[in-house]
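A short write-up of the structure that comes next.
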Amino acid sequence: MAGFRTLDDLGDVRGKVALVRVDLNLPMDEGRASDVTRVEASAPTILELADAGAKVLLLAHFGRPKGQRSSVMSTSMVMGDAERVLGREIMFIPEVSGPVVAQSIGILRDGDIGLLDNVRFWPGEEQNDPEFAKAIAAHGDFYVNDAFSAAHRAHASTEGLAHLLPAYVGRAMEKELKALDAALGNPQTPVVAVVGGAKVSSKLAVLEHLVTKVQHLIIGGGMANTFLAARGVDVGKSLCEHDLAATANAIMDKADHAGCTVHLPYDVVVAKEFAANPASLRTCNVHEVAADEMILDVGPAAVEALADVLKTCRTLVWNGPLGAFETPPFDEATVALARTAAALTQDGSLVSVAGGGDTVAALNHAGAAGDFTYVSTAGGAFLEWMEGRELPGVKALQS
Ligand code: ADP
Ligand code: MG
């Protein structure tokens, strides 16, 4: 991968100590991880290094302990889950630097894996304190970052270490960077972006960037309501940020100038109450929404037109569901468009990249995630990347 060193660039690592930043910030349910996707993502990197004979020291954060030790936020909480996913035993090391770490490295054999404690127990982590980073770096021969999801933070374990040791991109991070490059860095055109969901204000920066990058912008979800209202459409009781009208209009103007076509729904699914299959459910033109109704999904005619847009494009980047997909039937537009994107990807005519917590859930719900080119589980980092921001953890790895 141009500009980065990957594990392919490592020489003989036998007996060397690899400091590997991974994402072990697993969602927990009664003391067990309810989802181990993040461990699975980094398993190839960890096992490749271990199998090559390195002593692998895993470095991660877990929760927000704010610079203090907390037994419930120890990485030992997820060690069992990590061992199960990796199929290996792990040695827990309740520090990130100092004599305990040095002694533990002495006990580890080549190919063994150690897990350091929550790096956020020390204030130097989030402060990106060079002395803290140096104390950790002293134990390693090289550094591997495999946690794209934490790359938007300039912390000691995500950024500082990369300047102190020979730094390499892990396999999961490598896959993510390649997918993102194919989506917005050097994409095949035309590119279409789908942006939906509920976090309207925090995603306006995303739209502002995207209109200069993509040829088609499809807006759905609560985001669409805000844009429709800005255009003077009465959206009734819909989730909508009316005070953002000026910004929404400015984005639409910017899109015009940049040659980006903005697609807003022209039919919508509405209801008077937000519940599954409500009695008041109906589909109507966007100009016919009553004052006591809410727009909860994009309508079927619009979805068909949006599917046609996807068919003319070569690249898709998607963040945010088109409707309130957790509650039927307001999942229909998201499911239909996700399946169209999945089918086009499988036909080889579309490169499809998606990210965002609820987006991943929606694509899984549609049974489409596996057929996308790449689905990112990095929430904040993915959005910052969609805003066109440089991620400090990625930048520090550039060679
Ligand atoms: P992501 O996590 O993928 O970035 P968001 O958090 O921005 O996405 O938004 C996801 C949420 O948006 C979902 O819970 C979904 O129910 C909600 N949503 C989408 N469309 C609407 C709508 N029209 N009205 C209310 N909520 C909506
Ligand atoms: Mg969300």
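The values are calculated or read from the model by the stated rules, or taken from the named source; none is laboratory data. Just so it is clear, the structure is predicted and the values come from calculations on it, not from any experiment. Positions of Cβ are backbone-derived with ideal geometry, glycine not excepted, and every protein chain shown enters the neighbour counts. Only protein heavy atoms, including side chains, enter the accessible area calculation; ligands, DNA and RNA are left aside. Shrake-Rupley method; radii C 1.70, N 1.55, O 1.52, S 1.80 Å.
Structure summary
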item: Out of Asp110, Asp117, sole residue that is of a type in the set (Asp, Glu), modelled with pLDDT of 95 or more and in contact with a helix residue (DSSP H, G or I) (Cβ under 7 Å, 6 or more places away or on another chain); result: Asp117
item: Search result, residues across the range 350-360 that are surrounded by fewer than 24 Cβ atoms within 10 Å (Cβ to Cβ) and either in contact (Cβ under 8 Å) with a residue 24 or more places away in the chain or away from ligand 2 (no atom under 14 Å from the Cβ) (or both); result: Leu350, Val351, Asp358
item: Pairs, first in the same structural domain as Val270 (by TED's automatic domain parsing) in the range 236-254, second among the aliphatic types (A, V, I, L, M) and open to solvent by 50 Å² or more (accessible area, probe 1.4 Å), C-beta under 8 Å, six or more apart; result: Gly236/Ala291; Lys237/Ala291; Leu239/Ala198
item: Those residues of the range 313-353 which are of a type in the set (D, E, K, R) and either more than 12 Å from ligand 1 (Cβ to nearest atom) or in contact with a Gly (Cβ under 8 Å, 6 or more places away or on another chain) (or both), in sequence order; result: Arg314, Asp331, Glu332, Arg339, Asp347
item: Leading residue by the ranking (nearest to Met294 (Cα to Cα)) among those in the range 208-228 that are away from ligand 1 (no atom under 12 Å from the Cβ) and aliphatic (A, V, I, L, M); result: Ile218
item: Only listed residue being over 30 Å from Ala147 (Cα atoms) and either away from ligand 2 (no atom under 16 Å from the Cβ) or not charged (D, E, K, R) (or both), chosen from Leu383, Leu306; result: Leu306
item: Residue check, Arg88 in the same structural domain as Gly114 (by TED's automatic domain parsing), of a type in the set (Lys, Arg), over 21 Å from Gly160 (Cα atoms) and in contact with a helix residue (DSSP H, G or I) (Cβ under 8 Å, 6 or more places away or on another chain); result: yes
item: Unique residue being within 16 Å of ligand 2 (Cβ to nearest atom), in a helix (DSSP H, G or I) and open to solvent by 50 Å² or more (accessible area, probe 1.4 Å) when the list is Ser202, Ser149; result: Ser202
